[in-house]
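The values are calculated or read from the model by the stated rules, or taken from the named source; none is laboratory data. Note that this is a predicted model, so its numbers are computed, not measured. Quick reminder, even Gly has a Cβ in these numbers, built from the backbone with ideal geometry, and neighbours come from all protein chains shown. SASA here: full protein model, heavy atoms, side chains in, ligands and nucleic acids out. Shrake-Rupley method; radii C 1.70, N 1.55, O 1.52, S 1.80 Å.
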Amino acid sequence: MKLTKNVPIKPNPEFNCPPEILNQQVALSVQYFGFDGINHFGVIEVNHSVVDEVKQFFVLANQLKFPIEKVSVASDIPYKWNDEQLMRANVSSGFNYRLVAGTDNISMHGQGLAFDINPRQNPYIRYENGRAIVAPKEAVWNSSNPGTITNNHPLVQYMTEKGWEWGGNWTIESGRIDYQHFQKNKF
């Protein structure tokens with residue numbers, strides 16, 4: 001795995017990403033084990049401060065033969081920074097300069113301090129008036145399905161030992177559970 005040199009990180013045209021945030025992002029080429037049983041390569045963009053831990057996540061995932069559908073950057077043509085499109089396409093991705101849904105706060109993805117894995121196997125669920133709203137809509141979290149992340153999974157254990165937070169540990173009381181999401185609040 002290596003840093004992809006001379007690949008400029010593209011800013012999201014809908015949001016004015018400050019240069020000090022954009023300049024902290026790095027394109028990381030990673031190898032991953034696909035649902036087809038074959039190793040693939042993709043690029044994930046993350047903050048330079050978390051490169052080593054994200055790199056090790058993918059090394060461990062590959063050693064475990066944990067299947068990942070696709071790894072890509074949010075700016076790729078089919079997705080155009082659109083989180084819904086990334087989730088529907090089951091893309092594992094990192095940096096995406098955007099706001100936390102329903103707020104004016106920059107998301108952890110917007111700082112390159114978060115990444116998502118297999119959104120269709122590991123959905124984002126928010127709760128409104130006791131009703132679960134699942135994204136992407138067709139996603140189902142079933143701990144026995146390949147590519148699903150659980151709280152006792154070695155990938156979750158590795159990341160939490162490194163100080164990362166896994167969104168699957170969030171509770172209904174918080175208003176959301178985000179099985180696909182890892183974030184680093186401090187480094």
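Heavy-atom accessible surface of Thr150, to the nearest 10 Å², is about 20 Å², with a 1.4 Å probe and all protein chains retained. Measuring nothing but protein heavy atoms, the accessible surface of segment 2-145 at 1.4 Å probe radius is 50 percent carbon and sulfur. For segment 74-138, the set of trypsin sites (Lys or Arg not before Pro) satisfying both a DSSP loop assignment and a count of at most 15 other C-beta atoms within 10 Å is given as Lys80, Lys137. Considering only DSSP beta bridges where both residues belong to the chain, give the percentage that are antiparallel (nearest 5). Once the DSSP bridges in the chain are tallied, antiparallel ones form about 95 percent.
Rounded to whole numbers, the Karplus 3J(HN,Hα) couplings from phi for segment 160-171 are 5, 5, 8, x, 8, 9, 9, x, x, 8, 5, 10 Hz, using 6.51 cos²θ - 1.76 cosθ + 1.60 with θ = phi - 60°, and x at Gly and Pro. Overall, the anisotropy analysis places segment 104-160 in the oblate class: the square-rooted eigenvalues a ≥ b ≥ c of its C-alpha gyration tensor yield a/c not less than 1.5, with a/b not exceeding b/c. Build a GNM of the chain with springs between Cα atoms under 10 Å apart, and of Ala132, Ala74, Ala114 the one that fluctuates most is Ala132. Comparing mean-square fluctuations of Lys55, Lys162, Lys65 from a GNM of the chain with C-alpha springs under 10 Å, the top value falls on Lys162. Once the chain from Ser144 to Val100 is taken as fully extended at 0.36 nm per residue, the excess over their C-alpha distance is 12.9 nm.
On full extension, the segment bounded by Ile77 and Gln56 gains 4.8 nm, given 0.36 nm per residue less the C-alpha separation.
Let me check against my output: what whole-number percent is the relative contact order of the chain, with C-alpha pairs under 8 Å and at least 6 apart?
On the way: 387 pairs, mean separation 31.5, N = 187.
Once divided by the residue count of the chain, the mean separation gives 17 percent.
Once the gyration tensor of the Cα atoms in the chain is diagonalised, the equivalent ellipsoid follows with semi-axes of 22, 21, 16 Å, ordered largest first. Residues in the chain average 51 Å² of solvent-accessible surface per residue, probe 1.4 Å, ligands and nucleic acids excluded. Using the Cβ-Cβ distance between His48 and Tyr158 with R0 set to 22 Å, the FRET efficiency works out to roughly 0.65. What the Cβ-Cβ distance of Asn39 and Glu84 gives, at R0 = 30 Å and to the nearest 0.05, is a FRET efficiency of 0.60. With R₀ fixed at 30 Å, the C-beta to C-beta distance from Gln63 to Asn16 puts the FRET efficiency at about 0.15.
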